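Since every read-out is calculated from the coordinates, none of them should be taken as a lab result. Treat the numbers as computed from the prediction; the structure is a model and nothing was measured. FYI the Cβ positions are ideal-geometry reconstructions off the backbone, even for glycines, and counts take in every protein chain you see.
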Amino acid sequence: MAAGKQTTATRLPSAGSVVALIAALSLKRARRANLYKVLIGVLCVPPLAGLLALLSDRGGLVFFDIVVPVYVRYLVPTLMALQAANSVADEVQGKTLGYLFARPIARWALPAGKYVGMLGVSIVLCAASVVLVYLACMGSQVGGGFGALGRSLAAITLACVHFGAVAVAFGAFVVTYPFVAMLLYVLLVDVALGLIPGGLKVVSMGIHLVNVAGLYQPVTQKLGWSADPQLGVGLSVGIVLGVTLAWLVIAMAFTQSHEYRVSDQ
């Protein structure tokens, strides 16, 4: 090789390493914004309620079975919505998106990395909160409901997986107030359809998550309305995972657009 003409091969980062890096940066940004302190504060409320229920002789599995649907239908979506702005929207508002997309990385790695970073912490925090609720409300009967606890943890994990994907998608679609936009979607589509008797319940991911927890009780007949659908646990898990994948694909495809937010930088 001629002197002065030595060439070096440029090694592009792998997709996995880029996703991991974006996930780590996302976690650091969330810590700096004290977001996790807010999440932990919210998740401390149900265990305290469980302890009060035990002290007032209203604890046990009855109380636990009431609290779990609140987690999967309301609490987890709210916590994920709080993190939606920390997904893709913060890169737009911080004027860093153009810089990131100028690097030799795949654009889909941005929402994927944000999702991975959001998901790991959320599952740990939510699962810990549910375990504390169980311990608080069961008292001396703590060994009598491990089956219910296991099903509930599976439902909580699946809820984080699903609503985390929804949060990433709304963080990509909505730059201003993605938290509000996602909450409106959850209330108007997921929660509302889950309250309507009949076949529309299959559209509500909250119903499927409650079913995974073993707490779905379909009404066979009610004031002339059609009967609620009979749902197997395997079917519910498949539906939730399928819809989750669809949200992630949409978010990644949205950021793949050549014009995506670049003109705003």
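Can you give the extra length, in nm with one decimal, that the chain gains between A128 and K28 once fully stretched, where that is 0.36 nm per residue apart less the Cα-Cα distance? Kindly include the intermediate steps, with their values, before the conclusion.
Numbers: separation 100, 0.36 × 100 = 36.00 nm, distance 2.11 nm.
Result for the pair: 33.9 nm of gain on full extension.
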Under the 7 Å Cα-to-Cβ spin-label approximation, I250 and V62 lie apart by a distance in nanometres of 4.1
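Regarding segment 15-256, what whole-number volume in Å³ per residue does the convex hull of its Cα atoms give?
On the way: hull volume 31.2 nm³, N = 242.
Per residue, the Cα convex hull of segment 15-256 comes to 129 Å³.
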Hand me the tally of lysine pairs in segment 15-256: alpha carbons under 18 angstrom apart, and the pair either on different chains or 8 or more positions apart. 5
If the chain between S140 and T176 were fully stretched, how many nm would it gain, using 0.36 nm times the residue separation less the Cα-Cα distance? 8.1 nm
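Using Cβ counts within 10 Å as a stand-in for footprinting exposure, how do F146, F170, F254 rank, fewest first?
Working: F146 11, F170 28, F254 17.
So the ranking, lowest neighbour count to highest, is F146, F254, F170.
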Which value in nm describes the separation of the simple spin-label points at Q217 and L48, placed 7 Å from the Cα toward the beta carbon? 2.9
